[in-house]
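Read through the structure below, which is laid out as structure tokens, and then see the notes.
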Amino acid sequence: MAAQAPQYRVLIVDDDHEFRLSLGKTLAKQGYAVETAADGKEALRALQASTFDLVITDHRLPGLPGIELLGEIRRCSPRSAVILVTAYGDDAIRHRAREAGAFAFLDKPVKREEILTLVAQALQLRDRPSCRHA
């Protein structure tokens with residue numbers, strides 16, 4: 001019997017209920033275990049309660065901006081891959097996101113195939129074994 005692929009845990013953080021719902025359904029259909037949060041503080045609570053392989057977060061969130069959430073994710077869950085999305089992207093934000101450790105930065109509206117490709121790439125990179133010396 002072949003080994004079953006791991007079920008990856010994904011946290012979607014966005015104040016847009018329809019976006020969270022739609023992206024969550026898309027990822028769940030692909031076999032991912034999905035949780036959602038409406039803002040940065042709710043996301044931090046979820047991150048403290050559980051481990052996620054990937055976090056997809058909006059940049060503009062009430063209370064705690066996505067770039068600050070990214071810093072918190074790096075601190076409390078360093079193995080989690082992060083994809084930032086926004087309807088208000090600019091080059092300065094993209095640069096800050098890359099420097100802070102984001103895997104990718106996407107502009108809304110997000111295309112289904114593009115996000116699925118990035119999710120797979122982020123998880124594949126996350127799972128790549130690190131170099132070990134014998």
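Across Leu47, Leu70, Leu84, mean-square fluctuation computed from a Gaussian network of the chain (C-alpha pairs under 10 Å connected) peaks at Leu47. Straight-line cross-link partners of Lys111 among the lysines, defined as a Cα under 17 Å from its Cα and at least 8 positions apart when in the same chain: Lys25, Lys29. In this rough spin-label picture, where each label sits 7 Å from Cα along the Cβ direction, the Glu68-Arg128 distance is 3.3 nm.
The relative contact order of the range 1-88 comes to 30 percent, based on Cα pairs under 8 Å that sit 6 or more residues apart. Using only side-chain charges placed at the Cβ, +1 for Lys and Arg and -1 for Asp and Glu, the dipole size of the range 31-134 relative to its Cα centre rounds to 320 debye. Shown in residue order for the range 42-58 are the 3J(HN,Hα) couplings computed by the Karplus curve 6.51 cos²θ - 1.76 cosθ + 1.60 at θ = phi - 60°: 5, 5, 4, 4, 5, 5, 6, 8, 8, 9, 10, 7, 8, 10, 10, 10, 6 Hz (x for Gly and Pro).
Using the Cβ-Cβ distance between Arg79 and Lys41 with R0 = 35 Å, the FRET efficiency computed as 1/(1 + (r/R0)^6) comes to roughly 0.95. Taking a ≥ b ≥ c as the square roots of the eigenvalues of the Cα gyration tensor, an a/c ratio of 1.5 or more together with a/b no larger than b/c marks the range 63-125 as oblate.
The alpha carbons of the chain give a radius of gyration and a Dmax of 14.5, 50 Å, in that order.
In this structure the amide hydrogen of Val85, modeled in the peptide plane, comes within under 5 Å of the amide hydrogens of Thr57, Asp58, His59, Leu106, none closer than 5 places in sequence on its chain. Projecting the Cα atoms of Pro78, Pro65, Tyr88 onto the charge dipole of the chain (Cβ charges, centred on the Cα centre) puts Pro78 farthest toward the positive pole. Taking 0.36 nm per residue of sequence separation and removing the Cα-Cα distance, the Asp91/Ser50 pair yields an extension gain of 11.5 nm. Computed from Cα atoms alone, the Kirkwood hydrodynamic radius reported for the range 1-60 is 12.0 Å. Heavy-atom accessible area with a 1.4 Å probe sorts Glu35, Glu18, largest first, into Glu18, Glu35. Going by accessible surface with a 1.4 Å probe and the largest first, Phe103, Phe52, Phe19 read Phe103, Phe19, Phe52. With each label modelled as a point 7 angstrom along the Cα→C-beta vector, the Arg112-Gln7 pair spans 2.3 nm.
Using the Karplus relation 6.51 cos²θ - 1.76 cosθ + 1.60 with θ = phi - 60°, the per-residue 3J(HN,Hα) values for the range 65-72 come to x, x, 5, 6, 4, 4, x, 5 Hz, with x marking Gly and Pro.
The values are calculated or read from the model by the stated rules, or taken from the named source; none is laboratory data. Note that the coordinates shown come from a computational prediction; the quantities given were computed from them, not determined experimentally. For neighbour counting, all protein chains shown are included, and Cβ atoms are generated from backbone atoms with ideal geometry for every residue, glycine included. Keep in mind that these areas ignore ligands, DNA and RNA; they rest on the heavy atoms of the full protein, side chains included. Shrake-Rupley method; radii C 1.70, N 1.55, O 1.52, S 1.80 Å.
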